[in-house]
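The values are calculated or read from the model by the stated rules, or taken from the named source; none is laboratory data. Only a predicted model underlies this, so the values are computations on that prediction, with no experimental measurement involved. Methodologically, a virtual Cβ is constructed for each residue, glycine included, from the backbone with ideal geometry; neighbour enumeration extends over all protein chains shown.
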Amino acid sequence: MKQRIPLEEAQEIVKKNLPDLSPENVILKEASGRILAESIFAPMNQPPFARSPLDGYALRAEDTRGASKDNPLKLKIVSRIFAGDRAKEPVNSGETARIMTGAPIPEGADCVIRQENTDRENDEVTICQELRPGQNYAPAGEDIEKGELLCSRGTLLRSPQLGVLASMGLERVEVRPLPKVAVITTGNELQALGEKLEPGQIYNSNNYLISARLEECGAKVTASLVAGDNKEEIKEKITENLPGCDFLVTTGGVSVGEKDLLLSILEELGAEIFFWKLGLKPGTPIVCAKLDGTIIFGLSGNPAAAVITFDLLVRPMLVEINGFEHLNLKSSRAVFVDEFNKSSRTRRLLRAVVVSSPRGEIVKLSRGRQRPGVLKTTLECNCLIDIPAGSPPLESGQEVEIFKLPEIYNY
Ligand code: AMP
Ligand code: MG
């Protein structure tokens, strides 16, 4: 078993052990939030036929030549066409068709006059203006032309894409897999929300933090369980939930304390342990293993450590699966404009906020303490400062490496 390995080595191991998942063919109703696995070209024109964009009268533009207030033109109404009707008989010279928004424009007519610009008496309508061919006329394919590229592979399907695909009558689409994940939070001290905290207890925030992060990164949390620091209980929950999921995430019990049981549990279950501990702070305690072909991430119970190792290992794995690069961390550089007085013997990641400024991107620490158990720092955190092992304290004005988090509401 490898111990205290560098982050990049751990990332490579994860990459080589991705769950084997195929694209899914889903109905459009269930495609919201999924990533397209295929490029989609328009199978038809939209609108499929030339239609009126307003309520009025369809006619021949040439008939209106010379029409004005002083020279009103009278046309005979030969038909009434509503949205949903088939196109009726052609409009000949001297004729017009009463037409409603969305209705097919009959043959012969090449423009539509707005109802408000006409006067009607019985089956005759008076027009006092000239019209151009194509005026108020929505040709077939005005919106979407048959054969054009609508959405390319890798697109996140949201309301605009669903609307466009639905307008093409496409009932189903091929999407990238949505891995099923079981989350098991462990610890005797954990209390459920809504229950009274007894002395020594804390609320189980990791269950929410990690489950929501999984879903934000394109996974489906299919089981969310809690176990005490008890070997049999944890073993049972792992073996019961492993077959139904594509990978499993636990929190707590991966360090060196007397109740840190996960590593020995996994060994007893016969798992292949890829590594235990990372050369990283926070986030040193972590175990990554494979049991019955399924990868297991045992994250630290400390919320900030859990979320940082999640972002560095689980997030990239999810991006490999769903192909949505936007969700990945992006390496960048920024100017540090804060104070951090500790030297870093081990590689260290600081929760931070990067913003643009006239002199480029600047980064300061997130509000709250940089301890592994501190949750508040994750609130405004939009990047991690990556401090190499053996670095002295940071100086304000120095350039630092950062990993930027995606703006999840902005894609
Ligand atoms: P552990 O990884 O089990 O050693 O836990 C490290 C720290 O994280 C301890 O202070 C735990 O109380 C805390 N912790 C463990 N699990 C959770 C959880 N699910 N939610 C919030 N804090 C937790
Ligand atoms: Mg514990």
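Restricting to region 199-223, and then to whatever is within 14 Å of ligand 1 (Cβ to nearest atom) and free of Cβ contacts under 8 Å to residues at least 24 places away in the same chain, can you tell me which residue is surrounded by the fewest Cβ atoms within 10 Å (Cβ to Cβ)?
PRO199
Could you check region 247-277 and list, in sequence order, the residues that are crowded, with 21+ Cβ neighbours inside 10 Å and within 11 Å of ligand 1 (Cβ to nearest atom)?
THR250, THR251, GLY252, GLY253, VAL254, LEU261, LEU262
Run GLY323 past the list (1) assigned by TED's automatic domain parsing to the domain that holds ILE234; (2) under 24 Å from VAL254 (Cβ atoms); (3) in contact (Cβ under 8 Å) with a residue 12 or more places away in the chain; (4) out of contact with any Phe, Trp or Tyr (no Cβ under 9 Å at 6 or more places or on another chain) and report the number of the one that doesn't hold.
So the condition that GLY323 fails would be (2).
Is at least one residue of region 237-254 within 16 Å of ligand 2 (Cβ to nearest atom), in contact with a Pro (Cβ under 8 Å, 6 or more places away or on another chain), assigned by TED's automatic domain parsing to the domain that holds ALA182 and among the aliphatic types (A, V, I, L, M)?
Scanning region 237-254 turns up at least one residue that is within 16 Å of ligand 2 (Cβ to nearest atom), in contact with a Pro (Cβ under 8 Å, 6 or more places away or on another chain), assigned by TED's automatic domain parsing to the domain that holds ALA182 and among the aliphatic types (A, V, I, L, M).
Based on this model, can you work out whether GLY56 counts as touching a Ser or Thr at 6+ places or on another chain (Cβ under 9 Å) and within 28 Å of GLU145 (Cβ to Cβ)?
So GLY56 passes the test.
Scan region 135-143 and tell me whether some residue there is surrounded by fewer than 17 Cβ atoms within 10 Å (Cβ to Cβ) and of a type in the set (Ser, Thr, Tyr).
No.
Restricting to region 306-336, count the residues that are touching a Leu at 6+ places or on another chain (Cβ under 7 Å) and either within 16 Å of ligand 2 (Cβ to nearest atom) or under 18 Å from THR186 (Cβ atoms) (or both).
Qualifying residue count for the region: 4.
Among the residues of region 177-208, how many are touching a strand residue (DSSP E or B) at 6+ places or on another chain (Cβ under 9 Å), assigned to a loop (DSSP other than H, G, I, E, B) and more than 14 Å from ligand 2 (Cβ to nearest atom)?
Result for region 177-208: 8.
From the list GLY390, GLY368, exactly one residue is without any contact (Cβ under 8 Å) to a residue 60 or more places away in the chain and either more than 19 Å from THR309 (Cβ to Cβ) or in the same structural domain as ARG34 (by TED's automatic domain parsing) (or both). Which is it? Don't jump to the end; show me each part of the working.
Working: GLY368 fails: either more than 19 Å from THR309 (Cβ to Cβ) or in the same structural domain as ARG34 (by TED's automatic domain parsing) (or both).
On inspection, the qualifying residue turns out to be GLY390.
Go through region 346-379 and report how many residues are within 25 Å of the chain's Cα centre (by Cα) and exposed (fewer than 13 other Cβ atoms within 10 Å of the Cβ).
Residues flagged as within 25 Å of the chain's Cα centre (by Cα) and exposed (fewer than 13 other Cβ atoms within 10 Å of the Cβ) within region 346-379 amount to 3.
Checking the condition surrounded by fewer than 18 Cβ atoms within 10 Å (Cβ to Cβ) and modelled with pLDDT of 95 or more, which residue from ASP85, ASP63, ASP110 passes?
ASP85
Among the residues of region 255-288 satisfying the criterion of being under 20 Å from VAL226 (Cα atoms) and of a type in the set (Gly, Ala, Ser), which is farthest from ligand 2 (Cβ to nearest atom)?
SER264
At pLDDT below 95, out of contact with any His (no Cβ under 6 Å at 6 or more places or on another chain) and surrounded by 13 or more Cβ atoms within 10 Å (Cβ to Cβ): does that describe ALA97? Steps first, please.
On the way: at pLDDT below 95: no; out of contact with any His (no Cβ under 6 Å at 6 or more places or on another chain): yes; surrounded by 13 or more Cβ atoms within 10 Å (Cβ to Cβ): yes.
In short, no.
Identify, from the list VAL173, VAL226, the residue that is more than 25 Å from the chain's Cα centre (by Cα) and in contact (Cβ under 8 Å) with a residue 40 or more places away in the chain. Walk me through it before giving the result.
Values: VAL173 fails: more than 25 Å from the chain's Cα centre (by Cα).
It is VAL226.
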